[in-house]
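The structure appears below as C-alpha cells.
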Amino acid sequence: MHYRLKFTLLPGEAWFGANISDGWKLPITEKSKIKTDTRYISSYNQASPLWLSTKGRYLWSDEGYLVKWKKGKAICFSKKAEIRLYDGFETLRGAYLAAAKNHFPFDGKIPDEMMFRGPQYCTWIHLATNQRQSDILKFAKSILAAGMPPGELIIDDGWQTTFGHWDFHPDKFTDPRAMIRELHAMGFKVILWICPFVAPEAPDYEMMVREKMLVRDRRGKVASRVWWNGKHPLLDFSNPRSVKWFEDLTAHLMADYGVDGFKQDAGDAYFYKDSDRTFRPGVDANEQSFLWAETARKYAFNELRACFKGGGWGVTQRLSDKTHSWDRNGLNTLIPNALLQGLCGYPYSCPDMIGGGEISSFKEKTGEIFDRDKREDQLDTELLTRWCQCSALMPMMQYSFALWNLKDETTRNACLSAAKLHVAYADRIIALAKQASVTGEPIIRSAEYQYPHQGYEAVKDLFFLGDSILVAPVVKKGERQKTVRLPKGNWKYLPTGTVYPGGQQVTVEAPLSVLPIFEKAE
C-alpha cells in the first residue's frame, strides 16, 4: 500500500525534525528545496519519524517516510504506514509536548545521576584501540592529578578479546577485576564499549548460526556487513535468544568484574537491509536499530549513538563523532543537533567528546595517533577552549583527549573551568532531567521553543538551560565578543553582573576565558 500526504506551509512557518545529524541544516521553511528521508536511516545518529512546526503543527508516522519540501509545499510518501498532520498546538513547544504525549510518552526514568553530575571520560581518542590495563589506570590517575573531578570512565573499543567474545583481552589486561576495583576506589564508574557485531572466531558463533541468532540476507545466508572495523555478521535482535544472550553476557560482566554499564555503539540502521530474513518475519532495518537500542534501557549507565525512534526512554543519546574543526561536522553542529535531540524526545544528550570524537582528526598520515608532547602544535587550542565552554552547560559533557595534560595553559584552564562549571550546575541539570522524565520538556531548549514567535526560529548559536539560563557560547574562530538578541524581561550577564533590559540586541565581551551566560533577573 502507498501512503501520501500533501500540505502547504503557513506564512513564516519553520519545521524541525527527523535526522539528528541534520539539525545544523534546519529549519525547513517556505524557501527550502530539499528531500528528507527516514524510510531507511542512513545517517550516523538518532532519527525519528517526527516533524515539528513553529506554528503548532506536527507530522508523525509509526514508520519512516520521505518528504519533498519545495515551493512552500510538503509532499510525504510511505509504503509502510499512514502519515498524519496534527494541528492546533500554537507553538513549537505545544506541538512537541502533544507529540510526546501521543506517540512517545516518557517512562519516568533517567540515566544514573552521576552521568549528569560531573564530566565523563572516554579512552577512545587517548588510546584508540590500544586499550590496556596499565594505560587506562594512568589515564584515570592523570585526571585526578590535574584537579579534575572523577566521573564515568568509558573503556572503548579494544578491551575485548574479539567481537562477540566480550571478555577482557588476556594480553592487554592482567587483572581486570583489580583494575575496576582500583578505578572504583578513585571515584570512577566503569563503562565498557560494546556492539552487536560477532566475529566468526567468537566461541558462540556456530551456536548463533544454528539458533538463527544472526541476521541473514535475502537468500537465507548469514549476512556479513561492512563497518568501520571490517566486515562481520551481526546479531538479530528479533530473536529472543539473541536478546537473552546479550543480557546474560552483560550481567556476567557486571557481576563478575564490577562493570557499571555500557556504551552501546553501532546498531545503525544502514548495517541492516529491509530485505534481510529475520527471525521474526518482517523486521526491517529501522526496527533492527530500534531493537538494539531498546536493550540499553536495562542499564542505569548507558549510552547510544544510533537508534530509530526511542523517544521518551531514560537513555543517554550521544551526538555522532565530530571532527576537530569549527565548521566541518565540528563545533558548529553541537548546539543545533543537541537542541534537535530534545525536540525528538532525546533530552539526555551528550554532545560528543570535547575537541571531536572522529579519530581521523587526531591521526598522522601513518594512521598512528600523533605524539601529544611533540605534535601539540597540530591542535587548534582555541577550538578546544571554545568546545569546553560549549559543552559545559549541556546535559552531559565528555572528555577523551587529555586536555588537562596539554602544555597550553589557556586550554588547561578552560578544561578545568568547564568541568567545575558543570559540577556547579549539576543539581539544576539533574532537576531538569527528572522533570523531562515525566513531562518530556527538554533539558536544553532553543530560543524559539522557550520564546515562541519572536523571530528566533533560525537562531543556532545559543540555548536555554531550563527556562531561565541563556547560554551563548562563542562558536566562531577569532571572535572575542558575542552578540545576543535578548528575549523580553531583564537579563543578568553573569561574567560581569550587568543587567540588560530584554527585547534588544546586546554585544558582550567574550575573551577566551569567558563563556557568555545570562540569567533571567525578575
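Descriptive notes on the structure:
- Low-density loop positions, GluC sites (Glu not before Pro), the stretch 258-346 - DSSP coil, at most 12 other Cβ in 10 Å: none
- Over the chain, relative contact order from alpha-carbon pairs under 8 Å, at least 6 apart, %: 15
- For the chain, the dipole from Cβ point charges (+1 on Lys and Arg, -1 on Asp and Glu) about the Cα centre works out to 1640 debye, to the nearest 20.
- Other residues within the sphere of radius under 11 Å centred on the Cβ of F89, judged by their own Cβ, net out at +2 (K and R +1, D and E -1).
- Between the stretch 453-522 and the stretch 70-149, the Cα center-to-center distance that results, in Å: 24
- Beta bridges per DSSP, both residues in the chain: antiparallel share near 70 percent.
- The slack between W24 and V209, meaning 0.36 nm per residue of separation minus the straight C-alpha distance, is 62.4 nm.
- Two-site FRET efficiency, A199 against K138, from Cβ-Cβ distance with R₀ of 51 Å, rounded to 0.05: 0.95
- The M186 and A255 beta-carbon pair, evaluated with R₀ = 25 Å, returns a calculated FRET efficiency of approximately 0.70.
- Subset of K35/K322; K71/K460; K68/K231 violating a 31 Å alpha-carbon distance limit: K68/K231
- Computed over neighbours whose Cβ is under 11 Å from that of T36, the net charge equals +2, Lys and Arg +1, Asp and Glu -1.
- Ranking A472, P200, L137 by how far each Cα lies toward the positive end of the dipole of the chain (charges on Cβ) leaves A472 at the top.
- Part-to-part distance (alpha-carbon centres) for the stretch 209-266 and the stretch 430-451, which is given in Å: 34
- The trypsin sites (Lys or Arg not before Pro) of the stretch 451-503 that meet both conditions, a loop assignment by DSSP and at most 14 other Cβ atoms within 10 Å of the site Cβ, are K476, K477, R480, K488.
- For D260, neighbours were defined as the other residues whose beta-carbon sits under 9 Å from its Cβ, and their charges (Lys and Arg +1, Asp and Glu -1) total -1.
- Rounded to the nearest 20, the size of the Cβ-charge dipole of the stretch 21-158 about its Cα centre is 840 debye, with Lys and Arg at +1 and Asp and Glu at -1.
- For the stretch 389-400, backbone phi angles converted through the Karplus equation (6.51, -1.76, 1.60; θ = phi - 60°) give residue-by-residue couplings of 5, 5, 7, 4, 10, 7, x, 9, 9, 9, 9, 9 Hz, Gly and Pro being listed as x.
- The aspartates and glutamates within cross-link reach of K482, meaning a Cα-to-Cα straight distance under 15 Å and a gap of 8 or more places when in the same chain, are D461, E509.
- Under 25 Å from K109, Cα to Cα: lysines that are on another chain or at least 8 residues apart: K101, K189, K244, K263, K298, K309, K434
No value in this document is a laboratory result; all are computed from the given coordinates. Predicted model only: the values in this text are computed from it and were never measured. Reconstructed Cβ throughout: ideal geometry from the backbone, glycine too, with neighbour counts over all protein chains shown.
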